[in-house]
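Input: a single structure, listed below in structure tokens.
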Amino acid sequence: MATEIKAPTFPESVAEGSVAAWHKKPGDSVERDELIVEIETDKVVLEVLAPEAGTLSEVLAEEGETVESEQVLGRIGEGAAKGGEKKVEQKLNAKAEQKSDVKPAGGGKSHEVKAPTFPESIQEGTVSTWHKRIGEAVKRDEVLADIETDKVVLEVVAPADGALAEIKAEAGSQVESEAVLALFAEGAGGAATAAEEAPAASADDGDGDEKVGDKILAPAARKLVAEHDLDVCRIEGTGKGGRILKEDVQKAVKAGTAKKAAKPAAAPKQAAAAAPAVEGERPEKRVPMSRLRQTIAKRLVQAQQTAAMLTTYNEVDMGAVMDLRAQYKDSFLKAHDTKLGFMGFFVKAASEALKRFPDVNASIDGTDIVYHGYQDIGVAVSTDRGLVVPVLRDTDSMKIADVEKGIVDFGKRARDGKLGIDEMQGGTFTITNGGIFGSLLSTPILNPPQTAILGMHKIQERPMAVNGKVEVRPMMYLALSYDHRMIDGKDAVRFLVTLKELLEDPARLLLDI
């Protein structure tokens, strides 16, 4: 009996997602809980695991297709159901042959490489990158190009082993749904590219990993390698059996040690579109803003336009917290297997202050005010894809060790793209720490429908008047941005003062005073 593979349950704020990548093909065997397909939304990439062991018998939602919450994506049959899979493959091959009306090149079958089918809400996309050049040998399902929309980046993969015969949509071109991007010839690839292919030849090992030369890449690592156009041979894998993980690629990107050697320039037309630069003593380079960055910009502007946002500032002497950390950091690490940081103190202090000022913990829903009888605090985390805000639930009942462990876990999974949408929904308050990047003072922007956000900053020693004497103290500026429609200035100032008092005398957190 076939088992249905369903999309995850999307939260109310996410209407639909896009099938980003199938890691198995019809006829492949799968194990229970093995990664089988990825769904990309405008916020996160969701992994769909195999509900049962068996054989992938049918794919109902192809890559690039838009899917809804809990939609059936495919089916898994028991055992090696070869007949069913063979029919599916024959059907897909027949469909590809019908679409292709290009004349064969080099003795092989030819295909039209088309853009994915965009959802109704997306009118067009931009060809952001071509990962392969004309005549360069590629393997089936290897990434040829990326198409960027205002929600997701879609990958266009090779329909078979072969090479690009012609590129019809250069990098930077605007394309519509199912537009022809290039012509592809099976079995093609010149002698020059054949030599390049040998060390980079890839093969799927059956579990989503890909072997490139003598290196084995995890699916997430493979995508990142393609995005940054890296030389796999220069990346050291730390996974089992030398497997290259996403973290290994990120490390190589940061260190700049895996860049490919300079290659001959592509067609002049493509190069000109990719890097329009003005030479001379005052060089300039104009590149289009990515659609994802456009969407982020739009949301930030909407937040400022829809809320009566105001910011109040204060400063806190971090001496007491720093002394406490210095005294107990070793024993804390030994007892809880996690480091004692500053965020634990700020989250606990904010939780206490939110209980005393319920307006700051409230949210606005249309013309209604929603008062929350709990404290769910979002902590901003910086990743390669941008800023995400996972939420710590019921922080009032959490211990400082639980807060620190939760933040470390969020940071690691956010950088790996493993956070779920539900983990970034429903916060009642947000804390963002620009101090880790050296920011001395800033004005954080609200995270609607929340009515307040706290900005932490760099700790800097400054001369302060203490009991009539000048002392050098470790000071931090705090900024509270709030929605004046909901929160009066008096309450915003008192909330910030309460935070200051709790942090300057951490014993108050234990004594509840």
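Selection over the stretch 43-71 of residues that are in a loop (DSSP other than H, G, I, E, B) and under 19 Å from the mean Cα position of the chain (by Cα) gives a count of 4.
Report yes if some residue within the stretch 33-42 is free of Cβ contacts under 8 Å to residues at least 60 places away in the same chain, under 20 Å from residue 419 (Cβ atoms), assigned to a loop (DSSP other than H, G, I, E, B) and within 24 Å of the chain's Cα centre (by Cα); otherwise report no. Scanning the stretch 33-42, I find at least one residue that is free of Cβ contacts under 8 Å to residues at least 60 places away in the same chain, under 20 Å from residue 419 (Cβ atoms), assigned to a loop (DSSP other than H, G, I, E, B) and within 24 Å of the chain's Cα centre (by Cα), so the answer is yes. Residues in the stretch 297-345 that are closer than 30 Å to residue 485 by Cβ, among the charged types (D, E, K, R) and either surrounded by fewer than 15 Cβ atoms within 10 Å (Cβ to Cβ) or touching a Ser or Thr at 6+ places or on another chain (Cβ under 8 Å) (or both): 298, 299.
Is it true that residue 492 is surrounded by 20 or more Cβ atoms within 10 Å (Cβ to Cβ), at pLDDT 95 or above and farther than 20 Å from residue 344 by Cα? Step through it out loud before you land on a result.
On the way: surrounded by 20 or more Cβ atoms within 10 Å (Cβ to Cβ): yes; at pLDDT 95 or above: yes; farther than 20 Å from residue 344 by Cα: yes.
Spelling it out, residue 492 is indeed surrounded by 20 or more Cβ atoms within 10 Å (Cβ to Cβ), at pLDDT 95 or above and farther than 20 Å from residue 344 by Cα.
When residue 350 is tested against (1) crowded, with 20+ Cβ neighbours inside 10 Å; (2) over 27 Å from residue 474 (Cα atoms), just one condition goes unmet, and that condition is (2). State which residue is farthest from residue 471 (Cα to Cα) when the search covers only the stretch 297-350 and only residues that are among the hydroxyl-bearing types (Ser, Thr, Tyr) and in contact with a strand residue (DSSP E or B) (Cβ under 7 Å, 6 or more places away or on another chain). Taking the candidates together, the pick is 311. For the stretch 318-372, the set of residues classified as of a type in the set (S, T, N, Q) and part of a loop (DSSP other than H, G, I, E, B) consists of 338, 361, 367, listed by residue number.
Taking the criterion of being in the same structural domain as residue 395 (by TED's automatic domain parsing), under 22 Å from residue 495 (Cα atoms), assigned to a strand (DSSP E or B) and touching an Asp or Glu at 6+ places or on another chain (Cβ under 6 Å), would at least one residue in the stretch 452-474 satisfy it? There is at least one residue in the stretch 452-474 that is in the same structural domain as residue 395 (by TED's automatic domain parsing), under 22 Å from residue 495 (Cα atoms), assigned to a strand (DSSP E or B) and touching an Asp or Glu at 6+ places or on another chain (Cβ under 6 Å).
Just one residue in the set 46, 92 is among the hydrophobic types (A, V, I, L, M, F, W, C), more than 24 Å from residue 386 (Cβ to Cβ) and at pLDDT below 85; that residue is 92. Do we find that residue 138 is of a type outside the set (Lys, Arg), modelled with pLDDT of 85 or more and surrounded by 22 or more Cβ atoms within 10 Å (Cβ to Cβ) in this structure? In short, yes. Within the stretch 402-414, not a single residue is not in a helix (DSSP H, G or I) and not aliphatic (A, V, I, L, M).
The values are calculated or read from the model by the stated rules, or taken from the named source; none is laboratory data. Note that this is a predicted model, so its numbers are computed, not measured. Cβ coordinates were reconstructed from backbone atoms using ideal geometry, including for glycine residues, and neighbour counts include every protein chain displayed.
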